[in-house]
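The values are calculated or read from the model by the stated rules, or taken from the named source; none is laboratory data. All figures in this text were calculated on a predicted structure; none of them were measured in a lab. All Cβ positions, even for glycine, are placed from backbone atoms using ideal geometry, and neighbour counts span all protein chains on display. In case anyone asks, the SASA skips ligands and DNA or RNA and just uses the protein heavy atoms, side chains included. Shrake-Rupley method; radii C 1.70, N 1.55, O 1.52, S 1.80 Å.
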Amino acid sequence: MQAPHREHLYKLLVIGDLGVGKTSIIKRYVHQNFSSHYRATIGVDFALKVLHWDPETVVRLQLWDIAGQERFGNMTRVYYREAMGAFIVFDVTRPATFEAVAKWKNDLDSKLTLPNGKPVSVVLLANKCDQGKDVLLNNGLKMDQFCKEHGFVGWFETSAKENINIDEASRCLVKHILANECDLMESIEPDVVKPHLASPKVVSCSSCAKS
Amino acid sequence: MADSLPTEFDVVIIGTGLPESILAAACSRSGQRVLHVDSRSYYGGNWASFSFSGLLSWLKECQQNSNVGEEGTATWQDLIDETEEAITLRKEDATIQHTEVFCYVGQDVEDNVQEVGALQKNPSSVESSILTLDSACLPEERHTSYLTSYEVPGTNTQKSDRELSPEVTDTEEWLEKEKYCEDKTCVYTVSDGEKDENKLRVKDNTDKPKKNRISYSQIVKEGRRFNIDLVSKLLYSQGSLIDLLIKSNVSRYAEFKNVTRILAFREGKVEQVPCSRADVFNSKELTMVEKRMLMKFLTFCLDYEQHPDEYQAFEQCLFSEYLKTKKLTPNLRHFILHSIAMTSESSCSTLDGLKATKTFLQCLGRFGNTPFLFPLYGQGEIPQCFCRMSAVFGGIYCLRHKVQCFVVDRESGRCKAIIDHFGQRINAKYFIVEDSYLSEEACSTVQYRQISRAVLITDQSILKTESDQQVSILIVPPVEPGACAVRVMELCSATMTCMKDTYLVHLTCSSSKTAREDLESVVKKLFTPYAEAEIDKEELTKPQLLWALYFNMRDSSGINRSSYNGLPSNVYVCSGPDCELGNDHAVKQAETLFQEIFPNEEFCPPPPNPEDIIFDGDDKQPEASGTSNIKMAKLESSKESKSLESPGKHFQN
């Protein structure tokens, strides 16, 4: 059996076209607020969300926004590296952002795999569903089919504004990551050096995720 | 994914090499609106690292460079008015020459091998690169080895792979052997792979057991495991790059491996150099007396300035001569001169030698047992880390974005704008450009040095130990005095730069001829070509070469800004990679240029910690476009920059 108390730290990516609500989703999820004023993402790498998954397990999620301006699809590898899962977001009121979804998914799969070579778990978010123009989604079966074809583990209609389905989508993603994780343990790399401001030291990965 | 680019910036940066990327981070960080473009499809320019298929595509690009078409480039002439003139930029990259590829391992031609999960930049590239490797010498069936050369058109056209430098007889013999093996296999014409395997197994029983047999298709299939650096460098653990990474907190994006061994090549043998106190005492190669002598000398070097009487009389002498006066055995002198000070026997002064030795010793122990760190996933990560920092602070990134010309105001002589390949005019106050983008006209009087590089994939370490995960650096001194020492870096799969059961070996030296001519003699000393056929016992002790690439890269690091003709004063020039082991040149260049452009701004101060940022929900000044008006996210004032890091805030896998 597992140790009585386990902590996990996962890096999750939030990807999608400009203005689909990536930052809003993160803000809603992590900070429980929403602002209708648009603001580019400046100076922020990631936001941290702590989930008390079950009595034995704490999950810390690092949500990495694509830096607002890496928007031409030219993300650095630093962004993708060692991510365990991703949300790909589109705006239900703008069909063009849905058309870009497959492109984002291909791009992600080409640049990132789990240490065992498998693709990371990705959940598709149909955001701004509060605006009632979800012409794309009137056929749930079609969306299921789309997800199957493109390798998404699931999809959700979300609204950062009304706080709809964001927690649910996140739980779905975390569930898949946890299920994948057992066969990844062996591939952890020891003796990695991470130079810090405070105290330079050798951090062994076996002691990770402790704070 | 795409929408139109804003047209007003403070700084436009062309090229994503290390100095440009540091500058991008520094400028964005200080609140400048930065546009950072690269004409290539990848980050890093000549500082990039590639997967195996990525490297093959890069080779192809180098080869085809001279016939880059004018496809789809809008004309810029109409966009310039009478008061302005244009300075055009170079359309193709001319910094790589004399590329030559040698593949020693067997390949199943029938196999439609592809890199698993590779990004298909040019869908044709992966396969065709393999198959176009001089099909003339490919037999129909499985074959042991073949060789080919990519020559950059126009640089050395008269030479083909069939007539590989007949003047180097030594080399020729070696290659002949290769061809011979190949022919032999052709005669056997093993028609299916299984039969071949059987043959191997029989041989394995007679020879000493060999664990891994790696084929070309395996290398291609596992190609993503490779991150092959175009420049081979390390970070001094007290060097300016590490300091900058830490100070700016860009280090949060990077992870490193310690270089685990410093090696020396003496009398035909590779040995480990003891450099820390523990190493010296544990060394089995050194006698007690030698240990004492070495410790005494190294201790002296740590604060040599305090003991001027010890070296003053020798200040004008060569360091190698000075060492002879210090009662050190030849063994120890070799270690100190080549592996610790890493200097030249025939040109390094005593003072420089002492300084280099001290630098080395000071770097010991900060992170590990040797003074060096290597970035996980390769050196190419480092520019990307700075680009990420720039992007996080609002920098806009466009790869595959060509710039046609600078627009210069005739009256003021200052650059006002660039015109890109879409014919869009983008205005800015300052322009930073990597020198490979400058036109031939601007560089007509410039004399460049060259760097000779080799990249090898091998099956074993050059010095085997219990651990097969060593990261080693070896300096091979020149045979003739006055020639250049060759720096050899051997990376194991734990550095995330090569597939399991292989090693990635980088050779670097300052060029005197083509890369192969400069480096092949050292390659021959250390390695033996992969052969499935019988090999004699002595050769077996050397690692086998599976694949090799040679190329020359232009070294523009010594070029003075004033050597370029007719550049406006607000166009700043960054150079490509230099030949040195460390990254000091790039860091210094970036800092100097930044200070020149923004004398009152701090260079790369630490950013706020993501977890200290408070999103303010009621933002009263919504931004119109998200790019024109850059604001810093608020930093909780109680937190000071000194303690931005705390364990666990960092992503640790």
Starting from the Cα of A:THR113, step 7 Å toward the Cβ, then list every residue of region B:40-61 with an amide N under 20 Å from that point.
-> B:49-58
Taking 0.36 nm per intervening residue step and subtracting the Cα-Cα distance, what contour gain separates B:ASN282 from B:THR7 on full extension?
-> 92.7 nm
May I ask you to list the residues of region B:365-379 whose amide nitrogen lies under 19 Å from a point 7 Å from Cα along the Cα→beta-carbon direction of B:SER467?
-> B:365-378
Counting only residues 5 or more apart in sequence or on a different chain, those whose built amide H sits under 5 Å from that of B:LYS257 are A:VAL193, B:PHE374, B:LEU376
Amide H proximity to A:THR158 below 5 Å, modelled H, separation 5+ or other chain, gives A:ALA126, A:ASN127, A:LYS128, A:CYS129
Going through B:LYS60/B:LYS525; A:LYS161/A:LYS194; A:LYS194/B:LYS416; B:LYS284/B:LYS525; B:LYS233/B:LYS542 one by one, the pairs whose alpha carbons sit over 31 Å apart turn out to be A:LYS161/A:LYS194; A:LYS194/B:LYS416
In order through region B:575-580: 3J(HN,Hα) via Karplus (6.51 cos²θ - 1.76 cosθ + 1.60), integer Hz, x for Gly, Pro | 9, x, x, 9, 8, 5
For B:SER49, tell me the accessible area in Å² from a 1.4 Å probe, rounded to the nearest 10.
-> 20
Once you have a ≥ b ≥ c as the square roots of the Cα gyration tensor eigenvalues for region B:384-512, tell me rounded if a/c is under 1.5, and otherwise prolate or oblate according to whether a/b is larger than b/c.
-> oblate
Mind checking B:406-413 for the average number of partner chain beta-carbons within 10 Å of each residue's beta-carbon?
-> 0
Note the full-extension length gain between B:GLU601 and B:GLN238 as 0.36 nm times their separation in residues minus their Cα-Cα distance, in nm to one decimal.
-> 128.2 nm
Burial-style ranking of B:563-576, A:109-122, average other-beta-carbon count within 10 Å with highest first, yields B:563-576, A:109-122
Calculated FRET value between A:GLU82 and B:ARG213, using beta carbons and R₀ = 51 Å, to 0.05 | 0.95
Which of the listed residues, B:ILE475, B:ALA485, B:SER511, is farthest toward the dipole's positive end in region B:461-522, when Lys, Arg count +1 and Asp, Glu count -1 at the beta-carbon?
-> B:SER511
Does a label point 7 Å from the Cα of B:THR325, set along Cα-to-beta-carbon, have any residues of region B:271-300 with amide nitrogen under 19 Å, and which are they?
-> B:294, B:296-300
Hey, with R₀ at 45 Å, roughly what FRET efficiency would A:HIS5 and B:VAL289 work out to, going by the Cβ-Cβ distance, to 0.05?
-> 0.20
To the nearest 10 square angstrom, how much accessible area does B:LYS416 have with a 1.4 angstrom probe?
-> 70
Quick one: if the Förster radius is 56 Å, what FRET efficiency do B:GLU441 and B:GLN306 give, using the C-beta to C-beta distance and rounding to 0.05?
-> 0.55
Which whole number gives the average count of other chain Cβ atoms within 10 Å of the Cβ atoms across peptide B:248-258?
-> 5
